[in-house]
Every structure is written in C-alpha cells, then in structure tokens.
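Okay, so here's the structure we're looking at.
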Amino acid sequence: MEVSDAGENPPDELFLTSIAEFRELIFDCFEIAGVRTIAEVGAWQGAFTEHLAAWAKEHQARVYSVEPNPTGRLTAICESSPQVDLIVARSPDAFAEFEVCDAYILDTDHNYYTVNRELTALDKLARSSGKQFVILLQDIGWPFGRRDSYGDASLIPSEALRPHSFGKGVVLDSTELVDTGFRGNWAWADQQGGASNGTMTALEDFLRDRPHLQHHIVPCIFYLAIIYPRSLPAATALGTYLRAYDNNALLARLEHNRLALYLRVLDLQQRFESTQHGEEEQAARLLEQQSSPGRRLIRRLLPKTLRHQLRRLIG
C-alpha cells in the first residue's frame, strides 16, 4: 500500500507503507525458490517496481507489472527497463495476458471481495497450468485485516459491498469510524469484523479449504503473507528461512507501537490545523510590532508550515 493522500496524512517518509520495505526478505525468498518470472499486481506509483526491475536485470528475470491506472513514474520505469512489461489491466483478468509466473505479488484494493477473488483466481491458474508458484500478499494487518476499504466502490458487486463511509478514519482503540485517525482517498466499511470483511479474513477463508498450501505471516508494515504449496521443491528451505519472521511477537509489538505513534502524529496535526488560523492572526500581529531583525528571528523559530502561511498574510 502507498498512502497517496498527503493532504490528510503526513508525508510518507514519516510512515513506512510500501511493500518495497520487505524487499530483502522477498528477494531472499525468490533466490530460495528459484523465481525468475514475477507478476506485480497493483504496482501503484512504482515504489517496488523500481527494485524489481533492478533485481530482474541482475538475475535475468522478467517482471509483469499490472496496474489499471499507471502513473508517469511507473510508465517511465517500465519503459526504461527491458526486463519489465507493463500490463494495463485489472486483476484477475490480467492473469491471462502473460505467462504463468513463479511468483505473484498482490497489493491491490484492500477488501474481502478483491483479495478472495484474486487468490481464488490464482488457485485456479495453478490447477489448470499444473505450475506451482509463490504468492505474496500485503496489507492483511490492521487496519485492513478485519475491515474492508474501497478505493472505487463501483468495482465491487452490490452483494459484496458493505455499508461504508468516505472521509472517515480509524484508530487502534475503537471499532467505530472517527473523524480523524488513519484515512485517505478511500472509504472504510462502517463495521469492523464479522464475516466476509477485511483482507485477513479473506486470506483465512481462502486457506481453510486448501490444506495443501503453507503460509507465513510477517507482522509488520501492515503485515505480509507468503503462501506456497507444501509440495513446492523449495518448501522446506522457505519454511526454514521464514520461521523466525512468522507471527514474530516482537515484530507485532513494534508494529503496534509504530501505528500508535503515527496516530498520535495525526492527532497532533489535526489539533494544530484546527488552531492554526487563530495562531496565524496572533503571530501576524506580533510580527507587525517587531523590527526587521526581530521579524527574521521570529520567523526562524516558527514551524515551517506556519512560516509559509505568514508569508501569504504579511509578506
């Protein structure tokens, strides 16, 4: 997931969101499993595509980057990388447009219907092709694990679409939607939990009737699941490598702490913005009473955001 609504949330460098943060772990898994063809489903702005392209060049591999609405950056990455093919289509329909791959990376819309549909389509592809592959699925932890989100609710059939709200947020200590908290340019399901709700629920339901599949969950950065057939030649080696990460309690505590700190930042940001107008007027009056050196000193001490506002007010 890439947080794109910078107008509501702090800049991304304050908060890791991309599956690219797992790159060392993912590439180690690729090496262990002998992966040479990769489908990146949900490339977004290309944050991970760039790393995949570099890895593919070094390992003589091929990447199929699937994105229905590619940005200029993603298009440029694909055009400059002979190892990467851009597939402008929606999954799972896009799976038929290229060869069956050794690994599939799923980072698309975070709701039960989309995740269940993609996993089911890949299961059918494995059975029809007779090929075994690794699946990597991100964003199955909080806040997506037990609550649907919809980037475009019109893409979800009415029978699978839960009551939802735009402009609302979620916080760790409440199951109710709030006016602040973690939010973006998507809608949240009004209810948390219950049947057919959330990405973790979709994964669990998918795995329940498929005992031939092994999975591991890395509980940080919104969580990452690694899924593969138990009969995969590299299954034992993958299991050994991932054992230390699998549902690691330390990583889970660090993730919870990270989320709590980020939500605190969001709360402070909203409080600052709610009082900013009054502070601007007060600061403007103070500056008018100062000499030129005094004005320069006060401006240096003010927060950057407030300095920008003051420039517009008083020059």
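Got a sec? Which of 100, 134 is in contact with a helix residue (DSSP H, G or I) (Cβ under 8 Å, 6 or more places away or on another chain) and over 28 Å from residue 160 (Cα atoms)?
From the options 100, 134, the qualifying one is 100.
So residue 123 clears everything in (1) within 15 Å of the chain's Cα centre (by Cα); (2) not in a strand (DSSP E or B) except one condition, right? Which one?
With respect to (1) within 15 Å of the chain's Cα centre (by Cα); (2) not in a strand (DSSP E or B), residue 123 is out only on (1).
Name the pairs: first residue in segment 194-223 and in contact (Cβ under 8 Å) with a residue 24 or more places away in the chain, second residue outside any loop (DSSP other than H, G, I, E, B) and among the β-branched types (Val, Ile, Thr), Cβ to Cβ under 7 Å, at least 6 apart or on different chains?
Filtered contacts from segment 194-223: 199/115; 202/115; 203/115; 206/120; 216/226; 223/217.
I'd like to verify a number: residues in segment 115-144 that are of a type in the set (S, T, N, Q) and out of contact with any strand residue (DSSP E or B) (no Cβ under 9 Å at 6 or more places or on another chain), how many?
Residues that pass the stated criteria total 4.
Of all residues in segment 65-87, which are more than 19 Å from the chain's Cα centre (by Cα) and surrounded by 14 or more Cβ atoms within 10 Å (Cβ to Cβ)?
Once the filter is applied, which keeps residues that are more than 19 Å from the chain's Cα centre (by Cα) and surrounded by 14 or more Cβ atoms within 10 Å (Cβ to Cβ), segment 65-87 yields 75, 77, 78, 81, 83, 84, 85, 86, 87.
Which ranges mark the helices (runs of 4 or more DSSP H) fully within segment 230-315 that have 1 or more residues being at pLDDT 60 or above?
In segment 230-315, the matching helices (runs of 4 or more DSSP H) lie at 235-242, 249-288, 304-314.
Out of all the residues in segment 35-65, which are in a loop (DSSP other than H, G, I, E, B) and among the aliphatic types (A, V, I, L, M)?
Across segment 35-65, the qualifying residues are 35, 43, 47, 61.
Which of the residues belonging to segment 91-109 are of a type in the set (Asp, Glu), surrounded by fewer than 18 Cβ atoms within 10 Å (Cβ to Cβ) and part of a loop (DSSP other than H, G, I, E, B)?
99
Here is a yes/no grid of residues against (1) of a type in the set (A, V, I, L, M, F, W, C); (2) without any contact (Cβ under 8 Å) to a residue 60 or more places away in the chain; (3) closer than 25 Å to residue 186 by Cα:
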{"residue": "119", "(1), (2), (3)": "yes, no, yes"}
{"residue": "131", "(1), (2), (3)": "no, yes, no"}
{"residue": "134", "(1), (2), (3)": "yes, no, no"}
{"residue": "140", "(1), (2), (3)": "yes, no, yes"}
{"residue": "143", "(1), (2), (3)": "no, yes, yes"}
{"residue": "148", "(1), (2), (3)": "no, yes, yes"}
{"residue": "156", "(1), (2), (3)": "yes, yes, yes"}
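So is residue 179 of a type in the set (D, E, K, R), free of Cβ contacts under 8 Å to residues at least 60 places away in the same chain and either on the phi > 0 side of the Ramachandran plot or in contact with a His (Cβ under 9 Å, 6 or more places away or on another chain) (or both) or not? Show your work before the answer.
Working: of a type in the set (D, E, K, R): yes; free of Cβ contacts under 8 Å to residues at least 60 places away in the same chain: yes; either on the phi > 0 side of the Ramachandran plot or in contact with a His (Cβ under 9 Å, 6 or more places away or on another chain) (or both): no.
Answer is no for this residue.
Looking at residue 151, is it among the small types (Gly, Ala, Ser) and either under 21 Å from residue 255 (Cβ atoms) or in contact with a Lys or Arg (Cβ under 7 Å, 6 or more places away or on another chain) (or both)?
Considered against the rule, which asks whether it is among the small types (Gly, Ala, Ser) and either under 21 Å from residue 255 (Cβ atoms) or in contact with a Lys or Arg (Cβ under 7 Å, 6 or more places away or on another chain) (or both), residue 151 comes out as no.
What are the pairs, 6+ residues apart or on separate chains, where a residue within segment 20-41 that is assigned by TED's automatic domain parsing to the domain that holds residue 109 has its Cβ under 6 Å from a residue that is of a type in the set (Gly, Ala, Ser) and part of a helix (DSSP H, G or I)?
32/237
The values are calculated or read from the model by the stated rules, or taken from the named source; none is laboratory data. Because the structure is predicted, anything quoted here is derived from the model rather than measured. Virtual Cβ from ideal backbone geometry, glycine too; neighbours counted across all protein chains shown.
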